[in-house]
Amino acid sequence: MTKHTEFHWYASENAETYSIGPENSRDDVIEAARREELGFQEADDEGPARLVFYVVEANKTVLAAADWVLPRDLFEAALERLSDSEHCDEYGECNGAFECTPDQERDLRDRLRAACDEWQQAHGLQWVSWSFSQSRNEELIELPLEGGEA
C-alpha cells in the first residue's frame, strides 16, 4: 500500500519546479516566497514591480525499500560476481546458478519485502519522493511591491 506524506504548501516561479516549501499554510508559503523575492518582475507597461509565482498544496510518496528490491536484480548482481569466481567455468558459465521457479521467486520477493519493511521501520527510515504524488489548490499569486522592493 502506497503511503503519502501530509499535504503541505509549496511555491514556484513556473508551476513546474517548486523550490520553496514545504510550509504548513498558504500564508506561510506566500511569506517565504516574498522573502525570497520569488518571481520578481521589474515595473513595466503591465504595472509596478511585482512578484509573480504559483503556490500549490501537495503531498509526496513515502518510498519503501521493499518496492525497489527485487529477486531478479539480486540474482543478476550475484550471478555477475559469481561468474568471475572459481565456481564457474573459464567462460563464466555457472550451470544454472540462481535459477528458480516463478513460485519460488514470488516467495523470495514476499520474504524480501517483509525483511525490508521490518528493517526500514526498525531504523525509522522515511525516504520521500522528489515529485508530488497529489496536488490541489494551485494558484497564481501576484504581489505588487511598494517602492519596487519586496
Checklist entry - Mind checking which of ASN59, ASN95, ASN14 has the largest fluctuation in a GNM of the chain, springs on alpha carbons under 10 Å? => result ASN95
Item to check | Net lengthening on full extension, GLN126/GLU86 (0.36 nm per residue, minus Cα-Cα) | outcome: 10.4 nm
Next on the checklist: If the elastic network links every pair of Cα atoms under 10 Å, which of PRO102, PRO22, PRO48 fluctuates the most in the Gaussian network model of the chain?
Outcome noted: PRO102
Item to check | Beta bridges by DSSP in region 1-118, antiparallel share as percent, to the nearest 5 | outcome: 100
Item to check | Segment ASP28-LEU112, length gained on full extension (0.36 nm per residue, minus Cα span) | outcome: 26.1 nm
Next on the checklist: Loop only by DSSP, 15 or fewer other Cβ within 10 Å of the Cβ. Give me the chymotrypsin sites (Phe, Trp or Tyr not before Pro) in region 63-132 that pass, ordered by residue number.
Outcome noted: TRP68, TYR91, PHE98
Checklist entry - Using a Förster distance of 30 Å, how high is the FRET efficiency between ALA77 and THR17, based on the Cβ-Cβ distance and rounded to 0.05? => result 0.30
Checklist entry - Looking at the square roots a ≥ b ≥ c of the eigenvalues of the Cα gyration tensor of region 70-122, which shape do they give, rounded for a/c under 1.5, prolate if a/b is larger than b/c, or oblate? => result oblate
Next on the checklist: Only Cα pairs within less than 10 Å get springs; with that Gaussian network setup on the chain, which residue of GLU36, GLU57, GLU23 has the largest fluctuation?
Outcome noted: GLU36
Checklist entry - Once Rh is set to the Kirkwood radius over Cα pairs, what Stokes-Einstein translational diffusion coefficient, in µm²/s, holds for region 1-121 at a temperature of 25 °C and a viscosity of 0.890 mPa s? => result 128
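Computed from the coordinates by the stated procedures, all read-outs in this text should not be read as laboratory data. Small disclaimer: the values here were computed from a predicted structure and weren't measured. Backbone-built Cβ (ideal geometry, glycine too); neighbour counts: all protein chains shown.
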